[in-house]
Amino acid sequence: MQVLIKVDGDSEGPGLMAWLHADPVSKQAELSAVAGEPGQMGAGEIIQAVTQDSIALGNLLVAVGTWWDARRRRPGAVPTQVFIERGEIHLTVTSTDPDDIQRIVESLTCRDDNDLDQPQ
């Protein structure tokens, strides 16, 4: 399953890609940096993640949520938004709550459509 993770906002401190590479659980996903489209504003990082199943995706999203939460708790931090995309589904990570992560996973995996897994 392929998803895009887009970070908008705070550019100080370790980036999401570095965080994910250091997290042993997120090693279940294949991660690669993606260049933004010409003229695209705001995206600090774009990461393509490929996971084998919804469990690996959930683990990856927990790591993403933890990174987001750590950033927002820093004194004087500029708000950071993290978006998860799969095909036409676009969601925002705003929590590390397991129920919220489960809802995101379910939304991203609700269709078994081969078109969603094709590179764009």
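The values are calculated or read from the model by the stated rules, or taken from the named source; none is laboratory data. Computed from a prediction, not measured in an experiment: that's the story for all the values here. Methodologically, a virtual Cβ is constructed for each residue, glycine included, from the backbone with ideal geometry; neighbour enumeration extends over all protein chains shown. Ligands, DNA and RNA are excluded from the accessible area calculation, which covers all protein heavy atoms including side chains. Shrake-Rupley method; radii C 1.70, N 1.55, O 1.52, S 1.80 Å.
Values as computed for the structure displayed
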item	result
Accessible surface ranking that places the most exposed of Thr109, Thr51 first, with a 1.4 angstrom probe	Thr109, Thr51
Fraction of the pair-distance distribution of the stretch 50-89 above 13 Å, Cα-Cα pairs, percent	61
Cβ-derived FRET efficiency at R0 25 Å, His90 paired with Ala35, nearest 0.05	0.85
Karplus-derived HN-Hα couplings along the stretch 55-69 (A = 6.51, B = -1.76, C = 1.60, θ = phi - 60°), whole Hz, x at Gly and Pro	5, 5, 5, x, 4, 4, 5, 5, 5, 4, x, 5, 4, 4, 5
Surrounding net charge for Leu20, when Lys and Arg each add one and Asp and Glu each subtract one, Cβ distance under 14 Å	0
